[in-house]
Amino acid sequence: MIVIIRIAGMVDRSAEVESTLSRLRLRRKFACSIFEETPETMGMIKKIRSFVAYGEIDKATLIELIKQRGQALDKTKKIDAEKTAEILLKEKSFDKTGIKPFFRLHPARGGINSKQHFPAGVLGEHKEKINDLIRRML
């Protein structure tokens, strides 16, 4: 599963880029979404890679993300992070999980260089290093 985190803000974005970010449920800065790695998703990521950080999420980070930042669709119900992560990894969809399909994160502790791509900054593909960034943003 691929996790995508919006790093760039909303000002001075073309309509095409803003539309793609909206389709990926990244409507505000430091929002995070999880998707299955398909050619369609990868094409959208390629279009917006100068505004987001993305990479492979592992199971432990996914459970921590759901536990700390997951929001239930029904406010009266509690979220079981382990069970929700299993459903998400198995079904590859948020339909049966009972949580919202995006997560709102904090700015990264220790700061980030949001103007440059991955080795020097945070934009672009991180592969497995995205888990460290997510933990800093929880």
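The values are calculated or read from the model by the stated rules, or taken from the named source; none is laboratory data. From a predicted model like this one, the values you see are computed outputs, not experimental measurements. Here the Cβ positions follow ideal geometry from the backbone for every residue, glycine too, while neighbour counts run over all protein chains shown.
Quick notes on this one:
- Which listed residue is small (Gly, Ala, Ser) and in a strand (DSSP E or B), from GLY55, GLY43: GLY55
- Residues that are farther than 30 Å from GLY9 by Cβ and either in contact with a strand residue (DSSP E or B) (Cβ under 6 Å, 6 or more places away or on another chain) or assigned to a helix (DSSP H, G or I) (or both), drawn from the stretch 61-83: GLU82, LYS83
- Residues in the stretch 1-40 that are in a loop (DSSP other than H, G, I, E, B), surrounded by fewer than 20 Cβ atoms within 10 Å (Cβ to Cβ) and among the β-branched types (Val, Ile, Thr): VAL11, THR38.
- Some residue of the stretch 94-111 being under 23 Å from GLY9 (Cβ atoms), surrounded by fewer than 17 Cβ atoms within 10 Å (Cβ to Cβ) and at pLDDT below 90: yes
- Evaluation of ALA53 against the conditions (1) farther than 27 Å from ARG13 by Cβ; (2) small (Gly, Ala, Ser); (3) within 14 Å of the chain's Cα centre (by Cα) shows that the sole unmet condition is (1).
- Among the residues making up the stretch 72-86, those that are of a type in the set (Val, Ile, Thr) and either at positive phi or at pLDDT below 90 (or both) are THR76, ILE79.
- The residue that is surrounded by the fewest Cβ atoms within 10 Å (Cβ to Cβ), among those in the stretch 112-138 that are out of contact with any strand residue (DSSP E or B) (no Cβ under 8 Å at 6 or more places or on another chain) and within 30 Å of ALA72 (Cβ to Cβ), is ASP132.
- Within the stretch 41-67, being polar (S, T, N, Q) and surrounded by 15 or more Cβ atoms within 10 Å (Cβ to Cβ) holds for THR41, THR61.
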